[in-house]
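S.K.: Have a look at the structure that comes next, please.
Just so you know, all these numbers are worked out from the coordinates, no wet-lab data involved. Not measured: the values here are computed from a predicted model. No Cβ is skipped: glycine too gets one built from the backbone with ideal geometry, and neighbour counts run over all protein chains shown.
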Amino acid sequence: MTARRAFHTVVILLTALLLAGCLSLPMARRSEHMVLETLIPSKSVWTAKKVLLVSVDGAIDDNPEGGLFSEPGTVVKVKDALKHAEEDSTIRTILLRVNSPGGTVTASDILYTELKRFKERTGKKIVAVFLDVAASGGYYAAMCADRIVAHPTTVTGSIGVIATLPSLQGLSEKIGVEVRVIKSGNLKDMGSLWRGMSSQERELFQGLINSMYERFLAVVQEGRPKLDAQTIRNLADGRVFTAQEALEKGLVDQIGYIEDAFESAKSVAGIGDASLVTYTYPFGYRGNYYASAGMGSMRSGFPAPAPTQINLLNLDLKTPFSGFRAPLYYLWVP
C-alpha cells in the first residue's frame, strides 16, 4: 500500500468513527466563543433587554456529550451560560428550562448552587419552566427559581434519594469466579457487588441516604418557603405528581407553556419588553426553544444522540471492571 493510499484509508476510518460517535473532537476554549441566538425577538427594535434561556436536558451529570464535536455536560454548559450572563448587563433574568429526571447527587447540587450563587452575585431573577419531566434532581435544581411554571402535562416531584448496589455473588458462584479481596478494614469494600451486604453495611448506606435526603428537604424548604417542613416531608416520599397536583400542593406556581414562562420572566424582572435568547456553542444547533428536549434535535447536521441515561449498575461499561460511579442519585427511575 502506498503512503497516499494509507493516508486516505486513515482519513476515511477516522471520519467514520467521528460520525458514529466513537470519537469526539474536543473544542478547546469554546466557552469563550459562545454565540448569542435570538429565539423570540422583542416587540420593539429599540429594546436591548433580554431573557436568557438556560436548558437542563436529560440526566444531570458532568459527562460530555459525544458525537462529531463533543459538547460539555449539563453542569459545564450551565456554568458557561451563567458566566456570560453575568457579564452581559442587557440580560435581565434567566428562564431555566428543565426536562430532566434528575441525576447524580453531586451534579444536581452543583447545578442548584451555581444558579443560586448567580442570583446572589447579580440580583437577577430566575423563572423555571418544566417540560415532560422535572423530577428529583431536576426539581432540586429548580429550587433556585423565583417562580416555577409547569407544562400542563409535566410530571414532577420524586423528592428523594436512591442508591443502587447490585450483587453478582450468585452469578460468580455459578460460573466459578472467585474474587480475592485484601483490605485494611472489614468495611473497606462495603457495597461490593461480589458478596452479600451485611446488616452493618446496610445501616451505614441508609445513613448516607438519610443525610442526602435531609439536604434535599432543606433545599425544597428554602425554595418553597410557603410550605412548612412537615408538609414537604409528607410530599417527599419519592412519588411523582402531575402538573395540576403539583400546583395544588404548592410545588409549582403556575401551569402554562414556555411563552407563559417567558412572560413571567419579564414580569419578575420588572420589564415590559425583551427578547428571548440563548447561548449556543459553535456547530451546535438550537433552532428554537424546544430543540434538544428529546424532540429530534440536530447537531452539525447529524442526528443527535439518544437522551443521556444514567447507568444504574454504576459500572464503567467502556472499560469493564475498571471501576464504579458513586451510587447516590437524586433520580426518578420508573
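S.K.: Sorted from largest down, give the three principal axis spans of the alpha carbons of the range 162-227, whole angstrom values.
M.R.: Its Cα atoms span 58, 26, 16 Å along the three principal axes.
S.K.: Based on the Cα gyration tensor of the range 81-221, what are the three equivalent ellipsoid semi-axes, each the root of five times an eigenvalue, rounded to whole Å and given largest first?
M.R.: Numbers: eigenvalues 331, 56, 39 Å².
Listed largest to smallest, the semi-axes of the range 81-221 are 41, 17, 14 Å.
S.K.: Hey, what did the range 114-261 get for relative contact order, percent, Cα under 8 Å, at least 6 apart? Write out the running numbers ahead of the final one.
M.R.: Details: 198 pairs, mean separation 51.2, N = 148.
Relative contact order for the range 114-261 comes out at 35 percent.
S.K.: Using mean Cβ contacts within 10 Å as the protection proxy, how do 45-58, 126-139 order, highest first?
M.R.: Numbers: 45-58: 19.6, 126-139: 28.4.
Going from most to least packed, we get 126-139, 45-58.
S.K.: Quickly rank 89-99, 265-275 as a protection proxy: mean count of other C-beta atoms within 10 Å, highest first.
M.R.: Details: 89-99: 22.9, 265-275: 17.7.
Taking the mean over residues of other Cβ atoms within 10 Å, the ranking is 89-99, 265-275.
S.K.: List the lysines whose Cα sits under 18 Å from the Cα of LYS49, skipping any in the same chain fewer than 8 residues away.
M.R.: LYS83, LYS119, LYS124, LYS125, LYS266
S.K.: Which order do the peptides 73-79, 141-147, 174-180 take when ranked by the mean count of other beta-carbon atoms within 10 Å per residue, highest first?
M.R.: Working: 73-79: 20.7, 141-147: 23.6, 174-180: 8.3.
My ranking of the peptides, most packed first, is 141-147, 73-79, 174-180.
S.K.: May I ask you to list the residues of the range 116-143 whose amide nitrogen lies under 18 Å from a point 7 Å from Cα along the Cα→beta-carbon direction of GLN221?
M.R.: 140-141, 143
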